[in-house]
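Throughout, read-outs are computed from the coordinates displayed, never taken from laboratory work. Nothing here was measured: the structure is a model prediction, and the numbers come from that model. Here the Cβ positions follow ideal geometry from the backbone for every residue, glycine too, while neighbour counts run over all protein chains shown.
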Protein chains: 2
Amino acid sequence: MTAPRSTRSLRSRRAEHTADTRRALVRAARTLFAERGYAATGTEDIVAAAQVTRGALYHHFKDKADLFRAVMGECAQDMAERLVEQETARAESETGDAWTLLRHGFQSFLDACNDPDFQRIVLVEGPAVLGHSAWDALVEQHGYVLLAEELTRAIDEGSISPMPVAPLTRMLAALISEASLYIARAEDHETARKEAGEVLERLLTGLSRQDPSRTGA
Amino acid sequence: MTAPRSTRSLRSRRAEHTADTRRALVRAARTLFAERGYAATGTEDIVAAAQVTRGALYHHFKDKADLFRAVMGECAQDMAERLVEQETARAESETGDAWTLLRHGFQSFLDACNDPDFQRIVLVEGPAVLGHSAWDALVEQHGYVLLAEELTRAIDEGSISPMPVAPLTRMLAALISEASLYIARAEDHETARKEAGEVLERLLTGLSRQDPSRTGA
DNA sequence: TCTTCTAACATACAGTCTGTATGGAACAGG
DNA sequence: CCTGTTCCATACAGACTGTATGTTAGAAGA
């Protein structure tokens, strides 16, 4: 993996170049997959955008689906980093009980999902292209772990009632994903965001242990 | 549409035959799409299973995606009919307050979604193959209307708190869809069903107006 | 430095698939 | 009986994917 031992700079030059072409392929594919979809994007389009030839593509990736897997992994990674970043920022700045923090966390999770690349590649094309097992493995790795441990902690802290974390994780992720798609596809994003947030808020109160009834407007 | 006017029986014979081939195509495509997926199913495979040639396929359908649309429409139709059937049966047999009926309705909705054809074709492949606008149109037509009016009625009756029905419909549908996928993909379907049902139950209590706290176990 | 070997591509090719165009057969209508 | 249309089969053209082959540049050893 990180095994370049001898002739540091020279090898680095070469390795850097190959890494560049690989990145160029992933970047080009990501753009095209996001705007045209997987099936409608030819490998020729991708390599043209990356300014290489198809030979480079099939040297770095097993096949087209393998390239897609790399692209989706990158999208999921970006999303995960964004979420972690948001969460740490919120944990520092905001004050309040655990339950409120959790609710706010879900709301900003919803905002983070409002990303065209993520929606199209991860949520829409991903399951169909990779199949559920490969898709689930990727999402498990990048996204579910964060959400799952967050939920486990919330249960341990008593913010939400004890319940099976595995289905809860999937179902909440699906809930927020669908909400983000609803917002993105709506004509009026503003009101759609507000309405979806309201529904999300209501549904989340069902998880609450102490059931804080109506908290705010 | 229903315009056969003259020479009833003869025309009927011919029309019946053409309708047969069309049905054969849809049935074959449905089976193959469900088990292999859209991209992995060639038109040759479909017409072979239907015992016709590709000419018949492209006579009845504009292209492969058009055939898929018909298949998905049939799946959605079946699901809708099953739901209506279940609901009427439940409305007659079961007794209880509106809130309990609604909750039981969602649970049997969850069971109804446990169908391989429906899951693969409508939930997984549909969005990627048809695109969100065409997919949404189909689901709107067959499924959302039922759920939406059910929810509207529940709000009017006071079973659940007032909230925007459009996002609520989508989000609940996504919730239950994901739950059904989770159950289907689990090794132990029994416990997965129980756990998902429990989580669903909890989330739904957030919608309740009078907030019946802990109702059951 | 010279040789050699291999990674990193480019190019050419074969197979497959989709959609269309053409042809024909059966049936309805005048 | 004749004509037109529906319904479908066959043949063909284009596109696309994956692979096999060729080529070059850099790394490694002597």
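I need the Debye-formula profile for region B:19-171: one equal scatterer per C-alpha, no solvent, reported as log10 I(q)/I(0) at q = 0.16 1/Å, two decimals.
Log10 I(q)/I(0), no solvent term: -0.89.
For the protein assembly as shown, take the alpha-carbon Rg, divide it by the Kirkwood Rh, and send me Rg/Rh.
1.02
Please give the helix A:165-185 orientation as an angle from the longest Cα principal axis of chain A, in degrees from 0 to 90, rounded to the nearest 10.
It works out to around 80 degrees.
Give the relative contact order (percent, whole number) for region A:77-217; include only Cα pairs under 8 Å separated by 6+ residues.
Once divided by the residue count of region A:77-217, the mean separation gives 29 percent.
Taking every pair of distinct Cα atoms and averaging 1/r, then inverting, what Kirkwood hydrodynamic radius in Å comes out for region A:45-114?
14.8 Å
Quick one: label points 7 angstrom along Cα→Cβ at B:E44, distances to the other copies in nm, smallest first?
From this label point to the equivalent ones elsewhere in the assembly: 2.2 nm.
Using a label point 7 Å beyond Cα on the Cα-Cβ vector, give me the inter-copy distances for B:E92 in nanometres, one decimal, shortest first.
Listed shortest first, these distances are 6.4 nm.
On average, how many beta carbons from a partner chain sit within 10 Å of the beta carbon of a residue in B:186-197?
Mean shielding by partner chains, rounded to a whole number: 2.
Kindly give the distances from A:D66 to its copy-mates, label point to label point, with each label point 7 Å from Cα along Cα→Cβ, as nm values to one decimal ordered shortest first.
3.8
Can you give me the C-alpha center-to-center distance between region A:164-181 and region A:40-71, rounded to a whole angstrom?
One Cα centre to the other: 32 Å.
State the answer as a single residue: which of B:Y182, B:G143, B:S159 lies farthest towards the positive end of the charge dipole of region B:113-217, with beta carbon charges of +1 for Lys and Arg and -1 for Asp and Glu, about the Cα centre.
B:S159
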